[in-house]
Amino acid sequence: MNGNEDKIETSDARSSGSPSSSWSDLTHECLINILSRLTLEQRWLGPMLVCKSWLNASKDSSLHSIFNLQTHFVSLPESSSWWTPQFESKIDSVLRSVVVWSDGSLTDIRTRHCSDFSLNLVAQRCPNLEVLWLESSPNATDASMLQIAFKCGKLRELDISYCYEISHESLVMIGRNCPNLKVLKRNFMNWLDPSQHVGIVPNEYLNACPQDGDSEADAIAKFMPHLVHLELRFSKLTARGLALICEGCLNLEYLDLSGCANLRNRDIANATSSLKKLKDFKKSNFYIPTSGFHTERYGHWRLYDERFQTDAFRL
């Protein structure tokens with residue numbers, strides 16, 4: 001009977017909100033265990049606002065080896081607000097906080113719309129960085145990439161898709177200083193039919209697609225020989241650039257050339273014949289727009305190119 005009474009008293013104490021039952025009294029180790037089961041976004045919007053002990057636990061370096069906002073971005077339709085300075089400032093602020101809290105343990109960054117302001121801090125504080133995804137970051141430039149190249153030598157994955165202020169110079173330095181690089185994603189927006197981006201991406205940026213496809217191809221070929229995964233969607237490289245890549249990157253297992261309109265089927269076949277390890281290959285000599293108007297107007301050029309294999313019949 002006494003045992004039952006003890007249980008009832010304990011239950012009453014918990015329900016009355018006595019100090020012994022306070023959530024803030026959970027040990028630091030227990031809080032870390034709980035918070036480790038949450039995503040960065042979940043921690044940022046909830047536990048960090050509960051109390052000081054929860055805030056301190058949320059800053060523990062063990063929780064910040066990975067910074068992943070990519071899952072959040074892909075779960076939502078792209079918004080024009082993402083391309084504003086205000087949104088970029090928020091992303092930079094969150095990333096900089098995580099970099100500081102990680103205390104050098106951050107190895108994986110997957111985000112969008114950050115800038116040199118946060119990336120320079122990444123270079124200074126994250127010597128163990130292995131994965132860096134920066135898709136759609138218009139203010140990520142060669143300046144921060146050169147710092148990344150010099151100070152993050154363990155890098156093995158890099159995504160600089162739609163980052164038009166990053167040039168072949170960064171590819172050279174990253175290739176020279178990051179010998180473990182295996183994955184490079186250097187995709188461009190669809191400049192053949194930009195309608196899918198109109199109203200979302202600022203026009204001046206949409207029209208700024210880099211023209212130096214072969215310069216980038218040359219940098220990749222010379223300084224990234226260990227690549228196994230390469231994406232160059234809508235790149236403006238030519239047959240010469242592709243030939244350089246296929247000669248210099250013989251370990252490629254995945255290659256995506258979708259939308260590379262300067263390449264003919266014959267160019268692609270000749271160049272890729274040397275890639276004996278290639279397992280997954282995506283190509284598209286021409287991009288056929290999805291709208292009925294553009295398909296009707298331009299769709300016949302693919303047929304001409306297949307028959308005559310000549311630049312005279314290319315858009």
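The values are calculated or read from the model by the stated rules, or taken from the named source; none is laboratory data. As the structure is a prediction and not an experimental result, all values here were calculated from the model. Don't worry about glycine lacking a Cβ; one is built from the backbone with ideal geometry, like all the others, and counts go over all protein chains shown. With ligands, DNA and RNA removed, areas are computed over all heavy atoms of the protein, side chains included. Shrake-Rupley method; radii C 1.70, N 1.55, O 1.52, S 1.80 Å.
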Gained length - GLN196 relative to TRP101, 0.36 nm times residue gap less alpha-carbon distance: 30.4 nm
Relative contact order %, the stretch 210-258, counting alpha carbon pairs below 8 Å whose residues are six or more apart: 50
Accessible heavy-atom area order of GLU165, GLU157, highest first, probe of 1.4 Å: GLU165, GLU157
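How much length is gained if the chain between LEU250 and LYS283 is pulled fully straight, taking 0.36 nm per residue apart and subtracting their Cα-Cα distance, in nm to one decimal? Display every interim value, and only then the final one.
Details: separation 33, 0.36 × 33 = 11.88 nm, distance 1.78 nm.
Separation in residues times 0.36 nm, less the Cα-Cα distance, equals 10.1 nm.
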Ordering of 199-212, 85-98 by burial proxy (mean other Cβ atoms within 10 Å per residue, highest first): 85-98, 199-212
Phi-based couplings in Hz for the stretch 134-139 (Karplus 6.51, -1.76, 1.60; Gly and Pro marked x): 10, 2, 6, 10, x, 10
Distance histogram for the stretch 205-250 (every C-alpha pair counted, 5 angstrom bins, percent rounded to whole numbers): 5, 23, 32, 22, 10, 5, 2
Vicinal HN-Hα couplings computed from phi for the stretch 156-165 (Karplus, 6.51 cos²θ - 1.76 cosθ + 1.60; Hz; Gly/Pro x): 10, 9, 9, 10, 10, 5, 6, 9, 7, 9
For the stretch 70-79, 3J(HN,Hα) per residue [Karplus equation, 6.51 cos²θ - 1.76 cosθ + 1.60, θ = phi - 60°, Hz, x = Gly/Pro]: 4, 4, 5, 5, 6, 7, 10, x, 4, 10
Whole-number percent relative contact order across the stretch 70-175, with pairs defined as alpha carbons under 8 Å at least 6 apart: 23
q = 0.15, 0.16, 0.28 Å⁻¹, the stretch 58-130: log10 I(q)/I(0) [Debye, one scatterer per Cα]: -0.48, -0.55, -1.30
Solvent-accessible area of TRP101 with every protein chain in place, 1.4 Å probe, in Å² to the nearest 10: 40
